[in-house]
Amino acid sequence: MDATPRTTPRKSATFDDYSLSEIRRAAASGIYDIRGGGAKRKVPHFDDLLFLGASMSRYPLEGYREKCATDVWLGTRFAEKPIHLKIPITIAGMSFGSLSAQAKESLGRGASQVGTSTTTGDGGMTEEERQNSTILVYQLLPSRYGMNPDDLRRADAIEIVIGQGAKPGGGGMLLGQKISDRVAEMRTLPKGIDQRSACRHPDWTGPDDLEIKIQELREITDWQTPIYIKVGASRPYYDTALAIKAGADVVVLDGMQGGTAATQEVFIEHVGLPILGAIRPAVQALQDLDMHRKVQLIVSGGIRNGADVAKALALGADAASIGTAALVAIGDNDPALEEEYQKLGTTAGAYDDWHEGQDPAGINTQDPALSARLDPLLGGRRLANYLSVMTLEAQTIARACGKSHVHNLEPEDLVALTVEAAAMAKVPLAGTDWVPGAKSHE
Amino acid sequence: MPDIDLSVTPLRELNRTLHNLTPETNERHWVIEHPAGRHAIAAGLQVPITVEINGPVGYYCAGMNKLATVLVHGSAGVGVAENMMSGFVHVSGNASQAAGATGRGGLLRIDGNASSRCGISMKGIDIVVQGSVGHMSAFMAQTGNLVVFGDAGDALGDSIYEARLFVRGTVKSLGADCIEKEMRDEHKVTVHDMLKKAGFDGEVDPSEFKRYGSARTLYNFNVDHAGEY
């Protein structure tokens, strides 16, 4: 009898279960994996930062008495009608087409209740979202689906989309299952075809041309409307500097955790920076050009709570933007729908096949029966509640740090828990005065 | 007839004045002197007036035009009549890149050549080019008609959707999923009607044009076509 003990079965850390399943999936299908959402891998994030709070040398504000303002002005550089938000959190661009009309209405209602903006997406502006959004940002995307001067003029701001965090360098994607009659008409495309929108703008190339494009948009809107430039986080210092040079009023910077309606998994997980590593270089560009707070910075990608908002602002942003979190607030990936997620071969919290249009929550779909499940009044209320909570949380932290406005938070209020986060956020590792990578004069 | 000298009047003032015109205005014919290649001249017009520009214009002249007639007596820079909704834009000289880009309606006539990306991502506009068009023209063109009297450069109609392309001269190469198609009588009528609207009445024989359009093989992703992309 062989009594030699056997080692326990050991799986490879490199060839882990997910990697093996992807190899099998690829071998069986011959096509890359497409999904929605943002990066799911663990990357350095706001959780790796802590606020120091007031102490002997800093004076806190009373939590329930002393004022801590949260309002934000956007577009003060050139626009005759800048935007004034009551809270420093906006709703990121998400298209009708990718989202149901009910989801868009929910976003509009929720944002409007708390005095902030929503954003259109790669499908043009719908009447419902204009009606339900007090402040609506109209995206100018490479595809130009539905683009027209009337919507341009009735927008409260224009956002020129260069890229997004989930896929810097990639265009939109809406697969045939979601191209309903209405979506097809808005995009001037045949029904049921895979719609892969362009990744480059059709009528300008490079920042010098973009400057002229912005001039055209300003002429068409008689210089009334703020113009944002949205970039996916990749080269944030140069992208921000070039956006300023091109004449932007506002720069929107989206990290790799930011969601998309659909793209290749390999794109989402392997291209672009986590937002934590992108904010300081962008702020540096603003400061180097003496434009910090003159050109506003909105950051997004993985914002979940008021602490994330406060940390983004402390690093120098003027506002934070949410997409995925807003969808969760109105019902996306709700465990109450677990049975239906199981039928789709997934589980609540992991559902990301948004491109297939079968979302049981009625959000990422164009199916009339599924969409009808989402009550826009309730969805709007839930989003408003959530935005209020985030704002209260950010205020709580700001008061604890002695700030009478959330914009007064600063890097000096922060330390990092990891060397990586310390290097990216350019704040000291907790308990030390070590900022990895900082030059001695910094 | 208002006569605006852009060497004196700021562009912003001109455009704002034109935007503030109502459909009932009796100032229906405007003449603009000394455009000197300025950008975004007469962009965003929205009433049926005529604007004549005596000289060359820069980028995005007549951008997003609605209803108006814009006559450029000279050459045009990048993106002339980009995203035009309706109306008529006529360039007597050459046009730079992306002429009529993403246009959703109306008619763009160019008497000279148009550079690369003419009609890129067009969504319903009709474009007539008396000369030739450069490479990547009608890239991702969705609907509308592009008529070219001369030649077309490389990759005509790459990733085209339902737009129709009519070229009288040679096509250097066709882009992905763009093929030559039969020029049936209905297409000759389309070309004839477009040319008539553009001011060519009977001078050009529509049957001299060849038609190009989508093979529709890339409409839904098929791994066996991956090499085409």
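Each reported figure results from applying straightforward, stated rules to the coordinates on display, with no laboratory input. Small disclaimer: the values here were computed from a predicted structure and weren't measured. A quick note on method: Cβ atoms are made from the backbone with ideal geometry, for glycine too, and the neighbour counts reach across all protein chains shown.
Lys pairs in the range A:1-98, Cα-Cα under 27 Å, at least 8 apart or on separate chains: how many?
So the count of such lysine pairs works out to 4.
Say we join alpha carbon atoms closer than 10 Å with springs in a Gaussian network model of chain A; which of A:Ser112, A:Ser321, A:Ser300 then has the biggest fluctuation?
Maximum among the listed residues: A:Ser112.
Hey, fewest Cβ within 10 Å first, where do A:Leu377, A:Leu99 land in order?
By the 10 Å Cβ count, ascending: A:Leu377, A:Leu99.
What does the helix-only formula give at 222 nm for chain B: each DSSP H stretch with n ≥ 4 adding -39500 (n - 2.57), the total divided by the residues, and the result rounded to the nearest 500 deg cm²/dmol?
Mean residue ellipticity, 222 nm, calculated: -3000 deg cm²/dmol.
Under a Cβ-only charge scheme (Lys and Arg +1, Asp and Glu -1), can you give me the dipole magnitude of the protein assembly as shown about the Cα centre, in debye to the nearest 20?
Values: 66 positive and 83 negative charges, 134 e Å.
Result for the protein assembly as shown is approximately 640 debye, rounded to the nearest 20.
Pick out, from A:Pro368, B:Asn113, B:Ser132, the residue whose Cα sits farthest towards the positive end of the charge dipole of the protein assembly as shown, with +1 on the Cβ of Lys and Arg and -1 on the Cβ of Asp and Glu.
Sorting the options by dipole projection puts first A:Pro368.
Name the shape class, rounded, prolate or oblate, that the alpha-carbon gyration tensor gives for the range B:96-229, where a ≥ b ≥ c are the square roots of its eigenvalues, rounded holds for a/c under 1.5, and otherwise prolate holds if a/b is larger than b/c and oblate otherwise.
prolate
For A:Met173, which sequence-distant residues (separation of 5 or more, or a different chain) have an amide H within less than 5 Å of its own amide H, given hydrogens modelled in the peptide plane?
A:Ser197, A:Ala262
Would you list A:Asp47, A:Asp194, B:Asp3 from fewest to most Cβ contacts within 10 Å?
The fewest-first ordering by Cβ neighbours comes to B:Asp3, A:Asp47, A:Asp194.
Once you keep just the Cα pairs under 8 angstrom separated by 6 or more residues, what percentage relative contact order results for chain A?
23 percent
When a/c is below 1.5 the answer is rounded, else prolate if a/b is larger than b/c, else oblate, so apply that to the range A:190-307 with a ≥ b ≥ c taken from the square roots of the Cα gyration tensor eigenvalues. The partial results should precede the final answer.
Details: a/c = 1.85, a/b = 1.10, b/c = 1.68.
Judged from the Cα gyration tensor, the range A:190-307 comes out oblate (a/c at least 1.5, b/c at or above a/b).
With the alpha-carbon atoms as the only input, what is the per residue convex hull volume for the protein assembly as shown in Å³?
So the per-residue hull volume is 206 Å³.
Under a cut-off of 12 Å between alpha-carbon atoms, report the aspartates and glutamates in cross-link reach of B:Lys123, not counting same-chain residues fewer than 8 places apart.
Straight-line reach from B:Lys123, under 12 Å: A:Glu185, B:Glu82, B:Glu162.
Run the dipole for the range A:268-406 about the Cα centre, Lys and Arg Cβ at +1, Asp and Glu Cβ at -1, nothing else charged, and hand back the magnitude in debye, nearest 20. Intermediate results must be reported in sequence, preceding the final value.
Numbers: 11 positive and 17 negative charges, 188 e Å.
That gives a dipole near 900 debye.
From the P(r) of the range B:37-94, could you give the percentage of C-alpha pairs in the tail past 16 Å?
Cα-Cα pairs in the range B:37-94 separated by more than 16 Å: 26 percent.
Looking at chain A as a GNM with Cα springs under 10 Å, which of A:Ala28, A:Ala285, A:Ala348 has the largest mean-square fluctuation?
Taking springs between Cα atoms under 10 Å, the residue moving most is A:Ala28.
Where does each of B:Tyr60, A:Tyr351 land when they are ranked from fewest to most other beta-carbon atoms within 10 angstrom? Display every interim value, and only then the final one.
Working: B:Tyr60 32, A:Tyr351 24.
The most exposed by this proxy come first: A:Tyr351, B:Tyr60.
Would you mind pulling out the separation of the Cα centroids of the range B:128-142 and the range B:17-67, in Å?
The two parts, judged by their Cα centres, are 24 Å apart.
Magnitude of the Cβ-charge dipole of the range B:3-213, K/R +1 and D/E -1, about the Cα centre, nearest 20 debye? List each step's numbers first, then the result.
Values: 19 positive and 24 negative charges, 79 e Å.
Value, rounded to 20: 380 debye.
For Cα pairs less than 8 Å apart in space and 6+ apart in sequence, what is the mean separation divided by the residue count of chain B, i.e. the relative contact order in percent?
With pairs under 8 Å counted, the relative contact order is 10 percent.
Could you check which residue among A:Tyr18, A:Tyr386, A:Tyr59 shows the biggest mean-square fluctuation in a GNM of chain A with a 10 Å Cα cutoff?
A:Tyr18
Using Cα centres only, tell me the gap between the range B:144-203 and the range A:110-189 in whole Å.
Each part's Cα centre sits 31 Å from the other's.
Determine the distance separating the Cα centre of the range A:22-52 from the Cα centre of the range B:79-123; give it in Å without decimals.
Computed from Cα coordinates, the inter-centre distance equals 42 Å.
Based on DSSP H runs of at least 4 residues, each adding -39500 (n - 2.57), what is the mean residue ellipticity at 222 nm of chain A after dividing by all its residues, to the nearest 500 deg cm²/dmol?
It comes out at -9500 deg cm²/dmol, rounded to the nearest 500.
Which shape class applies to the range B:3-213: rounded if a/c is under 1.5, otherwise prolate when a/b exceeds b/c and oblate if not, where a ≥ b ≥ c are the square roots of the Cα gyration tensor eigenvalues?
prolate
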